[in-house]
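The values are calculated or read from the model by the stated rules, or taken from the named source; none is laboratory data. Quick caveat: nothing in here was measured; it's all calculated off a predicted structure. Glycine also receives a Cβ, built like all others from the backbone with ideal geometry; neighbour counts cover every protein chain displayed.
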Amino acid sequence: MEFKHKLFLLEPFVNSKVWGVEQWVVSTMKNSSSFFYENEKPVPVKALTNSDYPLLIKTIHADETLSVQVHPSDEYAMAHENTHGKSECWYILEAEPGATIISGLKGNFTREELKLAIKENRIESYLYETTVSKGDFLFIPAGTVHAIKGGLTLLEIQQPSDLTYRLYDWNRNRETHIEKSLDVITNFIAKPVKNFSGIFDCDYFKIEKASVNGKDEIKPLINNCWAAYFIIDGSGTFASGGEKTEIKKGSTLFAAPDTTISVSGNFSVMKIYPKNYSASNPAT
């Protein structure tokens, strides 16, 4: 399928949970794809990328605390689940006063110590918990014990996997995966970068936060891949050639490779793209 456009305003796949709502703003995942409208008809993102996109980008609105969970590495996930592992990062979009995140363990505990703490409902005292505010950033590599607590809205950038091992679920009576969780846990503690404003780079993705006040230009990516632009705050326009797209807080714009973008307005934006990935450009 060929498209005349270079810029695509995406609509999310919405996933309601017992704790709140996820919106998968950039996804080529099976049965949960984000999409755009072409001639008033919804078209999945994969029609643009011609292949699975190597990132999953979400917003998460947590009214209640998520399960205490951990994600496996690529090596463990491939060996046991035949899928990708899952490293991710969080940018805090909104936070109620005193809101916290669990992002590691307080010490180097044995497998048996953790199993007993879960059985006796004492695991909370083993968890590293920290206060976060709007604008903070955390990197959660595979193997990190974590939980998003209630009162938070965040942007999550991750590997394209929905594989989660629940270590503990606050007695909600959902399935847990204690043995697999204990197989993959590391002692890493993710501490927030306060008032993040800049660049983060890991093996899987790169993100760049920027502010626009007036007019500016965004150069195309060097590695010939699709890039996502998530609007954190404010409003404005993105333009390429004769094409102009209005954006506002919460918008997600997907830009074709080799696209120079003119921007105007007053807004902050997160530019997100995969590492070590190149895709042909089906837009013409």
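Listed here are the strands (runs of 3 or more DSSP E) enclosed by region 163-233 that have at least 3 residues being at pLDDT below 95: 205-218.
Residues in region 16-43 that are polar (S, T, N, Q) and more than 14 Å from the chain's Cα centre (by Cα): SER16, ASN31, SER32, SER33, ASN39. For region 254-269, the count of residues that are touching a residue at least 40 places away in the same chain (Cβ under 8 Å), not hydrophobic (A, V, I, L, M, F, W, C) and not in a strand (DSSP E or B) is at least one.
Working only within region 200-227, note down all residues that are among the β-branched types (Val, Ile, Thr) and over 16 Å from TRP90 (Cβ atoms).
At the first step, the residues of region 200-227 found to be among the β-branched types (Val, Ile, Thr) are 207, 212, 218, 222.
Residues satisfying the conditions are VAL212, ILE218, ILE222.
Examine region 250-271 for a residue that is among the polar types (S, T, N, Q), buried (at least 19 other Cβ atoms within 10 Å of the Cβ) and at pLDDT 95 or above, and state whether such a residue exists. Taking every residue of region 250-271 in turn, at least one turns out to be among the polar types (S, T, N, Q), buried (at least 19 other Cβ atoms within 10 Å of the Cβ) and at pLDDT 95 or above. For THR28, the conditions (1) polar (S, T, N, Q); (2) surrounded by fewer than 21 Cβ atoms within 10 Å (Cβ to Cβ); (3) in contact with a strand residue (DSSP E or B) (Cβ under 9 Å, 6 or more places away or on another chain); (4) modelled with pLDDT of 95 or more all hold with the exception of (2).
I'd like to verify a number: residues in region 18-59 that are free of Cβ contacts under 8 Å to residues at least 40 places away in the same chain and not hydroxyl-bearing (Ser, Thr, Tyr), how many? Counting residues in region 18-59 that are free of Cβ contacts under 8 Å to residues at least 40 places away in the same chain and not hydroxyl-bearing (Ser, Thr, Tyr) gives 13.
In region 45-160, counting only helices (runs of 4 or more DSSP H) that sit wholly within it, the ones holding 1 or more residues that are under 18 Å from the mean Cα position of the chain (by Cα) and over 30 Å from GLY250 (Cα atoms) span 74-81. Within region 140-157, identify whether any single residue is assigned by TED's automatic domain parsing to the domain that holds ASP52, within 28 Å of ASN31 (Cβ to Cβ) and surrounded by fewer than 16 Cβ atoms within 10 Å (Cβ to Cβ), and answer yes or no. There is at least one residue in region 140-157 that is assigned by TED's automatic domain parsing to the domain that holds ASP52, within 28 Å of ASN31 (Cβ to Cβ) and surrounded by fewer than 16 Cβ atoms within 10 Å (Cβ to Cβ).
Quick check, is ALA239 among the small types (Gly, Ala, Ser) and under 30 Å from GLN69 (Cβ atoms)? The answer is no for ALA239.
Checking region 164-178 against the condition returns a match, with at least one residue being of a type in the set (Asp, Glu) and buried (at least 16 other Cβ atoms within 10 Å of the Cβ). The lone criterion from (1) acidic (Asp, Glu); (2) in the same structural domain as LEU163 (by TED's automatic domain parsing); (3) under 24 Å from PRO257 (Cβ atoms) left unmet by GLU22 is number (3).
A quick yes/no check of all residues on (1) in contact (Cβ under 8 Å) with a residue 40 or more places away in the chain; (2) of a type in the set (A, V, I, L, M, F, W, C):
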{"site": "GLU88", "(1), (2)": "yes, no"}
{"site": "PRO97", "(1), (2)": "no, no"}
{"site": "THR110", "(1), (2)": "no, no"}
{"site": "GLU113", "(1), (2)": "no, no"}
{"site": "LYS119", "(1), (2)": "no, no"}
{"site": "ILE123", "(1), (2)": "yes, yes"}
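Within the set GLU40, GLU96, the sole residue that is at pLDDT 95 or above and either buried (at least 20 other Cβ atoms within 10 Å of the Cβ) or over 18 Å from MET270 (Cα atoms) (or both) turns out to be GLU96. Summed over region 1-22, residues that are under 30 Å from ASN171 (Cβ atoms), surrounded by fewer than 19 Cβ atoms within 10 Å (Cβ to Cβ) and in contact with a Ser or Thr (Cβ under 8 Å, 6 or more places away or on another chain) total 1.
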